Amino acid sequence: MKASIPFAIAVLIMATSSWADTRERAITITTDAFDGSFAIDVVRGSTGDVTQMIYQTPVTSNGILTPAQLAHGPQLIYAKQGHDAILMSTESDFNVQKGGHMVVRYVNNALDNTYKDFRVLVDIEQTVILRSDPSSNDPDSDGNSFTGVFNHLFLQKNTVFGIAVGIDQVVPSEQ
């Protein structure tokens, strides 16, 4: 039995309207702690699954991390003056089809090597949706009280005697 022409056209339309390596800006990050700007894009494969994260920093234009790399623990996104300034990882509930939790770990004070965690709930739908979701079980949690959707983070600098030594707090917003 031959397939009808309308059926063949419908199959062709469905095949060409897939996610096929689409790149979406998930978040823009600005800061007064470091020079330059940051951004994170999510790449989705043909079924909509997250296949990689592409990040831009003042020193890296297209760094690539896969969900598997992020699941293995904190991955360095940005270093400053010999310190791991910003790292990212996923928690065990993260899945490439639905999302889950990610943690942005940042240097709070480079003088005493302290870090804080900004925990994010990622929902993967037609677009990627981000919400702050601190964990009371995390001793390094920044305790961010923002609960709304955001697509922008401002990393406010932490200063000692007028010198930036890290990030004091993360301020999420939707822009």
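The values are calculated or read from the model by the stated rules, or taken from the named source; none is laboratory data. What you see is a predicted model, and the numbers here were worked out from it, not measured in a lab. A quick note on method: Cβ atoms are made from the backbone with ideal geometry, for glycine too, and the neighbour counts reach across all protein chains shown.
Couple of notes before you dig in:
- The set of residues in the stretch 136-175 being hydrophobic (A, V, I, L, M, F, W, C), farther than 18 Å from Ala110 by Cα and modelled with pLDDT of 95 or more consists of Val149, Phe150, Leu153, Phe154, Val171.
- Total residues in the stretch 49-63, condition in a strand (DSSP E or B) and within 16 Å of Thr28 (Cα to Cα): 5
- Of the residues making up the stretch 26-48, those that are assigned to a loop (DSSP other than H, G, I, E, B) and either at pLDDT 95 or above or more than 15 Å from the chain's Cα centre (by Cα) (or both) are Asp32, Ala33, Phe34, Asp35, Gly36, Gly45, Ser46, Thr47, Gly48.
- The set of residues in the stretch 74-121 being out of contact with any strand residue (DSSP E or B) (no Cβ under 7 Å at 6 or more places or on another chain) and either of a type in the set (Asp, Glu) or closer than 15 Å to Val165 by Cα (or both) consists of Lys80, Gln81, Gly82, Asp112, Asn113.
- Residue in the stretch 154-172 that is within 27 Å of Gly48 (Cα to Cα) and among the basic types (Lys, Arg) present: no
- Per-region count, the stretch 81-121, residues in contact (Cβ under 8 Å) with a residue 40 or more places away in the chain, among the β-branched types (Val, Ile, Thr) and under 17 Å from Ser173 (Cα atoms): 1
- Taking the stretch 122-143 as the range and being touching an Asp or Glu at 6+ places or on another chain (Cβ under 7 Å), in a strand (DSSP E or B) and surrounded by 19 or more Cβ atoms within 10 Å (Cβ to Cβ) as the test, only Val128 passes.
- Scan of the stretch 144-154 for residues that are surrounded by 15 or more Cβ atoms within 10 Å (Cβ to Cβ) and assigned to a loop (DSSP other than H, G, I, E, B), ordered by number: Asn144, Phe146, Asn151
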